[in-house]
Amino acid sequence: MSEKKSPFPMPSEIEDAPGAENWAEMYPYYTHVQPEDDERFWFYNSMHFSEPMSAFDMITAESAYHAMGAFVNRVFAFPTGKGVDYRCINGRIYITANTATDPEEIQHRLSIFQERAGHYYENWNEIYGQWEKRMGQLIKDMNAIEIPELPEFEDEAVVKEAKGISQNHYLRETYNDVLEKYSIMWNHHFEMLMLGYGAYVVFFQFCKQAFPEITDQTVARMVAGIDVLMFRPDDELKKLAKLAVKLGIDEVFTTDGNPDVILPAVKAKGDAGKEWLDALAESRDPWFNISIGDGFYHFERSWNDDLTVPLSALPHYIELVKQGDNLERPTEQLKAERERIITEYRDLLNTDEERAAFDQMLGVSHLVFPYVEDHKFYCEHWLTTSFFNKIREFGDLLAMHGIIEKSDDIFHMHHTEVNLTLGNLMNSWAAGSRPVNQGYWPPIIAERRRMLEVLKEWQAPPAIGPMPDNIEDPALQMLWGITKETLNNWAAPAIQNENEIIGYAASPGVVEGVARVLRSINEFGSINEGDILVCPITHPSWSPLFSKISAAVSDIGGTMSHMAIVAREYGMPAVVGTGSATKRIKDGQKIRVDGDTGIVTILDS
Amino acid sequence: MRKNIKKMTQDTQNSILWFKDLSLADRPLVGGKGGSLGELCSAGINVPNGYVITTEAFKAYLDILDAEHGIRQKIVALDPDDVTTLNSVTSDMRALVEKSPPPESLAQVITDAYRDLGDNIPVAVRSSATSEDSEEASFAGLQDTYLWQKGEAQLLDAVRRCWASLYNPESVAYRLRLNIPEEDLAMAVVVQTMVNSRCSGVMFTRSPTSGDKSVVTIEGSWGLGSSIVSGEVTPDKFVVNKITSEITGKNIAPKAIEHLPDEKGGIIERPVEEERQVISCLSNEEIRELTEIARRVEKHYGCAQDIEWAISHDSAGNENNSVLLLQSRPETVWATKDKAPVAKPAAKAYDHIFNVMGSQLIKDNKSK
């Protein structure tokens, strides 16, 4: 152990956010920092958990890390990487990876890993086919779960069919069922994901050795596929825009995207209106089951939950169609460009041996790419938005019976607290009395809501604990998603020009324009043609925005992030992972985005 | 090995040759630099016009001097380890060459060609040794370059000084140690129109720091390129991906001085105004244009290149031609370093993953 003082604070040194000193009571005791945690290096997973966790949403961290660790450590036995420990500090999720260091243990794990992972790689497409079926069934099953309504009297069928089970029993059963299916989703999610990342890591490492100055984004361009599900919801919108123009009903679509006004107006258009609404219904299932976020928080609803987001994007597409744009992604051109880049890098290699190895590694990356990219639609988007909607139904019940004030209050209860509280409801319905102590939850929930607002302002240190000696192991880099450079930057941030914000160059080109700082997709309407989007992070459901903007900047994200991929497709400059763009750039300021160097400059300060 | 042909006539036909008529195959006659400039011209690269005073011209000149003064014999008699004698003899030789005019007919051919370039036009006069700039042995730095020479007198003077540079003590000692026969000694001299450059610099078609073949590294500074070559200024540095044309690195250094032409001939050093010091000397468009040229040159030669470039001041009227190449030679440092393959093909494609995921283990075992 080194005696050098770490450049990062120790977990035990971090103070409670002022004004939210009681934050820890929201989360299970096993997520709290322990004294021995000072011996390990942790970092803030801002990529997935950019906001403080509400009590219920903690389940995303719990379920995800339980599944990830199980598959890395116990199912596939990655040789050096084990599972991940997580802690909650002031509402933020910090993680650390456990590793095997004893050569004998690694050797043993490697032999297991080779056999097990080999089976998956060998049969990848077949297993992925089965996976899609399993996930499809899981989503269907989740949606089919009927939450009991607690009627005054049981349905007659309970008697006539001699079922012998009453509705309040089903409260807990269905609740547990919803939670179980969510947990299964995370298991399926990690079933193939880390193996997929493994393939990427190996190809990245090869490229970095053969071409020491290659950027991540260039490697990503060689790996990335063109036909991915992520683009599908946006493609559906474009189809609907074209249809609206073809049917001559385009004038009903207004930028406010209010479904209560627009949908009746379409319906009033007779046959044309019906044809369009039928097309909408078809697009919605399944493609509008896309979260407006990354699917980690209850407030990230799907397009289907709130049609405002897709509807407000339609007028701009309609305008483009009328100008003669066919709105089609130039997929053939994109494929040809990808092939050119691959061929030219391949040609630069020194020997045919290297070229053969390059082909093999890239081949495995291409094999795993569809899963790595498309699983998100099934897992984080479709199933997760359904999951939170099921929980909302329990919220409705609790609110209806006066245990909480409104449905969404349920997300300020930990999932175990919900389970416990269902007991109160079960008894109340059965006994015919009011739930016990209806004054219990409302003040707690009000206080938790208040604390979350305070915690949002807390500046989470990116890393805590002792500086790790070695993170060169690719398995660790894969699990942590950070490199030596990231750590060094965190330890000693480069002194910056105060008008410059430095991030990752994600898509080439230089553009100057007016910054639009957007925190949510619901602010879509404020964007003008040619503006530069500045946002915390973009998600697939933000794709329609890219037809309007001239460049994009994000706080969070890497070269394989959504913004990076879409910006490259649109051929516009993008700088991602700036950490602080939405804080330092003010809405309306003129900025320059240099997607070649990763520098964003504020031009009028 | 090329055994020398003793065919010394007064014929001046091959004494000078124009860039446009040359290729790399003419290196024995025009040296590495001359052949390379000719090759660039024929590849359609924009190179300032010029000609080469050939090795034959030099030999004809030296034969006359040798007959009179026994130069070759005196050199062969030297001991490379006897520094004192070496210094004194070579100093005499240089003085002799510098003050001995070439035969009238040769001088005539040189100055005629100079007038063909333009009226009293500034030229760069550079030595172009036959072994210089070639892969086998680099004489680079042992020979001289005279920038911004104007008028016939300055030109002829610079040519003689180039020839004389073959008698630098280092150069002579090198030949003696390697047993290079003095009869084989040959030097061509390049006479090239000078560009009054707004900025200039060098570029490499692979990274000089990492050897990466997928990038072009460009270094540039204000004024003439001599400030970079001599190391008097820290240049701006740009890294461009050859394949995607993305500019992946940009480091703007404070460029405190620049080299400019002196009206009397030669160059002078001037301070750069403060605002201009920290401005990038190249626009993104110029960076991309240079990269494109670098790619073409590398492709033409089939190996990595080390290139000198300039962007002319007065782009009026010929904006498209404002980027010029002054020289290109094979990159020599990394060419010899290409190492063992990064990876070899495996039995199964995914075996690579096992190899990498188990690499920690392999490393640990090795360190035991």
Inset, instruction - Please work out which residue is surrounded by the most Cβ atoms within 10 Å (Cβ to Cβ), limiting yourself to the range B:144-170 and to residues that are of a type in the set (A, V, I, L, M) and either in the same structural domain as B:GLY223 (by TED's automatic domain parsing) or over 22 Å from B:ASN120 (Cα atoms) (or both). - result: B:LEU166
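For the range A:510-605, please list each of the strands (runs of 3 or more DSSP E) lying entirely inside it that holds at least 2 residues being of a type in the set (Gly, Ala, Ser).
A:510-517, A:551-554
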Inset, instruction - May I ask you to list the residues in the range A:76-99 that are among the hydrophobic types (A, V, I, L, M, F, W, C) and within 14 Å of another protein chain (Cβ to nearest Cβ)? - result: A:PHE76, A:ALA77, A:PHE78, A:ALA97
Legend entry - Single unsatisfied condition, A:LEU171 versus (1) surrounded by fewer than 22 Cβ atoms within 10 Å (Cβ to Cβ); (2) among the aliphatic types (A, V, I, L, M); (3) under 26 Å from the mean Cα position of the chain (by Cα): (3)
Inset, instruction - Would you be able to say whether some residue in the range A:173-183 is out of contact with any Asp or Glu (no Cβ under 6 Å at 6 or more places or on another chain), at pLDDT 95 or above, in a helix (DSSP H, G or I) and closer than 25 Å to A:VAL368 by Cβ? - result: yes
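Here's the yes/no breakdown for (1) surrounded by 16 or more Cβ atoms within 10 Å (Cβ to Cβ); (2) among the polar types (S, T, N, Q); (3) not assigned by TED's automatic domain parsing to the domain that holds A:GLU104:
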position: A:GLY19; (1), (2), (3): no, no, no
position: A:ALA24; (1), (2), (3): yes, no, no
position: A:GLN34; (1), (2), (3): no, yes, no
position: A:SER46; (1), (2), (3): yes, yes, no
position: A:MET58; (1), (2), (3): yes, no, no
position: A:ALA61; (1), (2), (3): yes, no, no
Legend entry - Breaking point among (1) under 22 Å from B:TYR350 (Cα atoms); (2) within 14 Å of chain B (Cβ to nearest Cβ); (3) not β-branched (Val, Ile, Thr), for A:ASP102: (1)
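Which is touching a Gly at 6+ places or on another chain (Cβ under 8 Å) and in contact (Cβ under 8 Å) with a residue 60 or more places away in the chain, of A:ASP227, A:ASP216, A:ASP235, A:ASP250?
Matching residue, one of A:ASP227, A:ASP216, A:ASP235, A:ASP250: A:ASP216.
What helices (runs of 4 or more DSSP H), lying completely within the range A:203-296, carry at least 1 residues that are under 21 Å from the mean Cα position of the chain (by Cα) and buried (at least 19 other Cβ atoms within 10 Å of the Cβ)?
Output list reads A:216-223, A:232-247, A:270-287.
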Inset, instruction - Could you check, for the range B:342-364, whether at least one of its residues is at the interface with chain A (Cβ under 9 Å from one of its Cβ atoms), exposed (fewer than 14 other Cβ atoms within 10 Å of the Cβ), modelled with pLDDT under 85 and not in a helix (DSSP H, G or I)? - result: no
Legend entry - Candidates A:ILE147, A:ILE112, filtered to the one that is touching a residue at least 12 places away in the same chain (Cβ under 8 Å) and either acidic (Asp, Glu) or assigned to a helix (DSSP H, G or I) (or both): A:ILE112
Legend entry - the range A:571-586 residues that are among the basic types (Lys, Arg), paired with ones that are buried (at least 23 other Cβ atoms within 10 Å of the Cβ) and part of a strand (DSSP E or B) (beta carbon under 9 Å, 6 or more apart): A:ARG584/A:ILE501; A:ARG584/A:VAL600; A:LYS586/A:ALA515
Legend entry - Hits in the range B:244-260 (condition: more than 29 Å from A:GLU344 (Cα to Cα) and either within 14 Å of chain A (Cβ to nearest Cβ) or aromatic (Phe, Trp, Tyr) (or both)): B:ILE252
Inset, instruction - Assess whether A:ALA77 counts as being closer than 30 Å to A:ILE14 by Cβ and not assigned by TED's automatic domain parsing to the domain that holds A:SER183. - result: no
Legend entry - Residue in the range A:469-481 that is at pLDDT 90 or above, in a loop (DSSP other than H, G, I, E, B) and not assigned by TED's automatic domain parsing to the domain that holds A:PHE203 present: no
Inset, instruction - For the range B:63-81, name all the residues that are of a type outside the set (A, V, I, L, M) and either more than 19 Å from B:ILE180 (Cβ to Cβ) or under 31 Å from the mean Cα position of the chain (by Cα) (or both). - result: B:ASP63, B:ASP66, B:GLU68, B:HIS69, B:ARG72, B:GLN73, B:LYS74, B:ASP79, B:PRO80, B:ASP81
Inset, instruction - Identify, from the list A:ARG340, A:ARG346, the residue that is within 10 Å of chain B (Cβ to nearest Cβ) and in a helix (DSSP H, G or I). - result: A:ARG340
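Being under 23 Å from B:GLN327 (Cβ atoms), surrounded by fewer than 21 Cβ atoms within 10 Å (Cβ to Cβ) and at pLDDT 90 or above is the requirement here; does B:ILE257 meet it?
In short, yes.
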Inset, instruction - Test A:LEU150 against the stated conditions and say whether it is surrounded by 15 or more Cβ atoms within 10 Å (Cβ to Cβ) and modelled with pLDDT under 95. - result: yes
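Within the range A:1-105, which strands (runs of 3 or more DSSP E) (wholly inside it) include 1 or more residues that are modelled with pLDDT of 95 or more and within 19 Å of A:GLU447 (Cα to Cα)?
In the range A:1-105, A:81-89, A:92-99 are the strands (runs of 3 or more DSSP E) which contain 1 or more residues that are modelled with pLDDT of 95 or more and within 19 Å of A:GLU447 (Cα to Cα).
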Inset, instruction - Could you list, in sequence order, all residues of the range B:261-285 that are within 23 Å of the chain's Cα centre (by Cα) and either in contact (Cβ under 8 Å) with a residue 60 or more places away in the chain or within 11 Å of chain A (Cβ to nearest Cβ) (or both)? - result: B:PRO261, B:ASP262, B:GLY265, B:GLY266, B:ILE267, B:CYS281, B:LEU282
Inset, instruction - Return only the number of the condition from (1) in a loop (DSSP other than H, G, I, E, B); (2) surrounded by 18 or more Cβ atoms within 10 Å (Cβ to Cβ) that B:LEU325 does not satisfy. - result: (1)
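Yes/no per residue for (1) away from chain A (no Cβ under 14 Å); (2) without any contact (Cβ under 8 Å) to a residue 60 or more places away in the chain; (3) touching a strand residue (DSSP E or B) at 6+ places or on another chain (Cβ under 6 Å); (4) of a type in the set (Lys, Arg):
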{"residue": "B:LEU155", "(1), (2), (3), (4)": "yes, yes, yes, no"}
{"residue": "B:PRO169", "(1), (2), (3), (4)": "yes, no, no, no"}
{"residue": "B:MET187", "(1), (2), (3), (4)": "yes, no, yes, no"}
{"residue": "B:CYS199", "(1), (2), (3), (4)": "yes, no, yes, no"}
{"residue": "B:PHE204", "(1), (2), (3), (4)": "no, no, yes, no"}
{"residue": "B:SER210", "(1), (2), (3), (4)": "no, yes, no, no"}
{"residue": "B:GLU219", "(1), (2), (3), (4)": "yes, yes, yes, no"}
{"residue": "B:GLY223", "(1), (2), (3), (4)": "yes, yes, yes, no"}
Inset, instruction - Say whether the condition of being within 26 Å of A:TYR197 (Cα to Cα), within 14 Å of chain B (Cβ to nearest Cβ) and in contact (Cβ under 8 Å) with a residue 24 or more places away in the chain is met by at least one residue in the range A:546-555. - result: no
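The values are calculated or read from the model by the stated rules, or taken from the named source; none is laboratory data. These numbers come from a predicted model, not from an experiment. Glycine also receives a Cβ, built like all others from the backbone with ideal geometry; neighbour counts cover every protein chain displayed.
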